[in-house]
């Protein structure tokens with residue numbers, strides 16, 4: 001399956017992402033999940049960026065927290081809008097998971 | 001200060017307990033926090049039981065999850081009722097923290 | 001005749017939020033969905049407990065006695081009575097030192113024929129692959 | 001004359017829940033609490049951001065533009081305008097690689113005299129000791 | 001164009017989960033998709049009329065009304081609503097109330113589904 | 001005997017946070033303490049009348065009415081309630097509505113306070 005997952009928390013309470021094995025994995029960082037894209041702790045990027053996946057971060061949720069594309073610490077994370085999410089869901093993936 | 005803290009989650013999203021340094025610390029495990037008292041992962045007790053503190057677990061919340069005093073893995077955790085919580089708050093501690 | 005399959009994945013312990021119980025009540029609602037469908041069309045719901053979610057399955061839950069609330073256990077039994085496939089991840093149960101004797105396994109006393117199926121995570125992955133849509137709780 | 005001191009400790013990032021913002025609106029309500037008190041009695045509220053809670057203080061929050069919601073930043077400024085003590089944990093800011101230039105530090109543009117105080121965690125501990133009651137968010 | 005079914009079980013007015021669901025609905029409608037929005041649990045909060053808009057709380061009544069005018073299909077779980085004291089007579093105009101099977105029925109012919117649970 | 005002020009900001013009808021607050025109130029009243037219960041945010045859900053009791057959802061209207069008869073003082077945050085469409089005319093009898101300063105006023109002479117936030 002082609003699965004796009006939504007990560008909306010900074011501190012995760014589930015380890016489901018470690019165990020999902022789709023043929024194609026997308027990770028959309030939204031709400032407080034955007035901090036995974038922007039925030040290092042003691043100099044280290046979030047371990048959430050270590051999966052083999054296509055990464056996206058929601059522009060509106062970055063901005064609402066005082067952050068912008070410039071704060072994104074890893075080039076592989078693409079800044080997207082709600083409209084882009086719709087296109088990703090319909091064109092690139094067949095299932096979704098809000099974790 | 002004499003601080004009694006309430007832990008109501010199994011997976012914690014804050015590390016505040018590591019940093020509180022009251023002269024007397026109580027930890028009341030309630031709601032899903034009761035699993036810290038009863039549940040080992042890969043044979044290991046919850047690290048939440050490692051603080052220097054007086055430990056309590058709420059009877060009603062154990063029972064609601066199919067657990068009893070017999071499932072409590074460490075003798076230092078005392079099974080208590082809501083009435084006991086009131087007495088602890090008024091007689092043994094002066095401040096509270098719901099984490 | 002068309003069938004849509006929905007996979008309900010419960011990954012958190014319950015009661016603190018009502019979501020875990022709503023997973024079961026929504027899955028059970030597949031029994032009455034035909035009013036919205038054409039003849040012979042159907043929606044099938046599988047339920048899987050993984051991670052900390054398996055803690056929802058511990059038996060003898062006294063939720064009614066303590067909180068005047070139906071237990072998650074009673075909903076699992078209702079799901080079995082409605083012939084839902086209910087999976088519990090074997091590795092996660094083992095991680096917690098739990099066995100089949102600790103969890104709700106059947107709904108015999110209310111006339112259910114199905115049993116809870118304790119399966120390796122790989123089988124849950126397979127279930128997820130087969131579903132049309134996934135709902136994580 | 002009696003004074004009761006309340007310590008508001010914000011330990012989680014905001015917006016997902018409204019609790020972090022409610023911490024500030026409740027602390028600010030100390031400005032009007034006298035209607036419930038005798039003359040000269042008062043309630044003083046200190047606010048501290050610790051752990052992931054310091055992320056609430058990043059400046060230039062465009063919450064109004066994106067969600068039609070007042071930002072937490074605007075509430076911090078309102079707190080300063082009301083002369084609340086607002087502390088941000090220095091070690092936690094440093095852990096996130098943030099400095100005073102990244103966070104809201106004053107409310108000059110709305111006429112506030114107070115500044116946010118970036119302090120070592122020990123000072124926040126001292127504040128907690130001095131309070132009559134603590135409220136964790 | 002496809003059909004998207006969104007279920008929002010999340011709880012907090014003032015959280016951005018319901019906002020997220022509403023904004024995603026708007027974006028999908030804009031692109032010509034059909035959108036069903038199911039609200040269950042505390043998500044049913046957006047189903048009642050006469051919510052007073054303050055900038056300190058997510059205020060979704062107005063955007064919801066605008067999106068319903070553009071074809072958004074909003075249904076609230078009837079039991080979840082009743083348990084909270086939300087009744088037929090104070091339901092926002094245009095919002096439907098059905099039992100949980102409605103959500104499954106909507107999923108039946110949905111091309112994509114996003115279930116926002118997660119608490 | 002002392003005074004206990006409980007604030008419950010937590011969200012979910014169906015969660016046990018509100019249940020916890022109500023049960024702790026009951027236990028404290030039983031022991032002769034005075035208890036103020038402040039509900040803010042989604043906690044204001046318990047302030048509206050005519051909640052239908054189902055065993056699948058926390059149903060706190062009846063226990064709350066019984067405890068108010070025994071002296072429990074329940075106040076809901078007015079702004080939080082209004083934002084959700086809960087108005088004076090459908091407030092449960094006996095529940096008061098004030099602005100947030102009421103909570104601080106209650107804390108002023110409380111011997112103990114338990115603030116249930118945590119989300």
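Taken together, the values in this text are just the output of simple stated rules run on the coordinates, not laboratory data. Predicted model, so just to flag it, every value in this text is computed and none were measured. Positions of Cβ are backbone-derived with ideal geometry, glycine not excepted, and every protein chain shown enters the neighbour counts.
Among B:19-25, B:44-50, sorting by the average number of other beta carbon atoms lying within 10 angstrom of each residue, highest first, gives B:19-25, B:44-50. Ranked from largest, the principal axis spans of the Cα set of segment D:44-112 equal 32, 30, 19 Å. Each label point was placed 7 Å from the Cα along the Cα-to-Cβ direction; for residue D:59 and residue A:94 their separation is 5.0 nm.
For the rotational copies A and B, the chain A residue with its Cβ nearest the relating axis, together with that separation in Å, is A:13, 3.
Compute the label zone of residue D:38 within segment F:87-117: residues whose backbone N is under 19 Å from the point 7 Å along Cα-to-Cβ. Answer for this model: F:104-112. With a ≥ b ≥ c taken as the square roots of the eigenvalues of the C-alpha gyration tensor of segment F:64-103, please select rounded if a/c is under 1.5 and otherwise prolate if a/b is larger than b/c or oblate if it is not? Cα axes put segment F:64-103 in the oblate bin. Residues B:6, B:35 in ascending order of nearby Cβ atoms (within 10 Å, fewest first): B:6, B:35. Here residue D:106 and residue E:55 are evaluated by their C-beta separation; at R0 = 30 Å the FRET efficiency comes out at 0.85.
Peptide C:6-13 shows a mean partner chain C-beta count of 6 within 10 Å per residue C-beta. If you look at the Cα atoms of chain F, you get an Rg and a Dmax of 13.1, 38 Å. Taking other C-beta atoms within 10 Å as the exposure proxy, D:104, D:116 rank D:116, D:104 from fewest upward.
In this label model, residue E:66 and residue D:125 are separated by 5.1 nm, measuring between points 7 Å along each Cα→Cβ vector.
Its DSSP H runs of at least 4 residues, each contributing -39,500 (n - 2.57), put the calculated 222 nm mean residue ellipticity of chain B at -4000 deg cm²/dmol, to the nearest 500. With the cut-off at 1.5 for a/c, could you classify the protein assembly as shown from its C-alpha gyration tensor as rounded, prolate or oblate? Rounded is the answer for the protein assembly as shown, as its axis ratio a/c remains below 1.5.
Within segment D:3-136, DSSP assigns beta bridges of which about 10% are antiparallel (rounded to the nearest 5). How would segment A:1-81 be classified by its alpha-carbon gyration tensor: rounded, prolate or oblate, with rounded meaning a/c under 1.5 and the a/b versus b/c comparison settling the rest? It is prolate, given that a/c is not under 1.5 and a/b is the larger ratio. Estimate the FRET efficiency between residue A:51 and residue F:87 by the formula 1/(1 + (r/R0)^6), using the beta-carbon distance for r and 41 Å for R0, to the nearest 0.05. Calculated value: 0.30.
Based on DSSP H segments of at least four residues, each scored -39500 (n - 2.57), chain C has a per-residue ellipticity at 222 nm of -8000 deg cm²/dmol. Annotation for residue C:3, label-to-label distances across the other copies: 7.2 nm (shortest first, one decimal, point 7 Å from Cα along Cα→Cβ).
Using only Cα atoms, find the angle between the long axis of helix C:121-130 and the longest principal axis of chain C, and express it within 0 to 90 degrees, rounded to the nearest 10. Once rounded, the angle reads 20 degrees. Inter-chain neighbour count for A:25-32: the average number of beta-carbon atoms from partner chains within 10 Å of each residue's beta-carbon is 3. Among the residues of A:13-20, the average count of other protein chain beta-carbon atoms within 10 Å of the residue beta-carbon is 6. Put simply, the Cα atoms of segment F:27-83 extend 34, 29, 15 Å along their principal axes, the longest span coming first.
Given the peptides F:85-94, D:72-81, arrange them by the average over their residues of other C-beta atoms within 10 Å, most packed first.
Most protected by this proxy first, the peptides run D:72-81, F:85-94.
With N counted as the residues of chain C, its alpha-carbon radius of gyration over 2.2 N^0.38 Å works out to 1.02. Starting from the label point of residue C:109 at 7 Å along Cα→Cβ, the same points in the other copies fall at 6.5 nm, in ascending order. Comment: the Cα-to-Cβ extended label point of residue D:91, at 7 Å, lies 3.6 nm from its counterparts in the other copies, nearest first. For the pair residue C:94 and residue B:2, label points projected 7 Å from Cα toward Cβ lie 4.8 nm apart.
With the cut-off at under 11 Å, measuring from each backbone N in segment C:121-137 to a point 7 Å along the Cα-to-Cβ line of residue A:21 picks out C:121-126. As a proxy for reagent exposure, ranking B:2, B:95, C:16 by other Cβ atoms within 10 Å from fewest up yields B:2, B:95, C:16. Given R0 = 45 Å, the distance between the Cβ atoms of residue A:75 and residue F:31 translates into a calculated FRET efficiency of 0.15.
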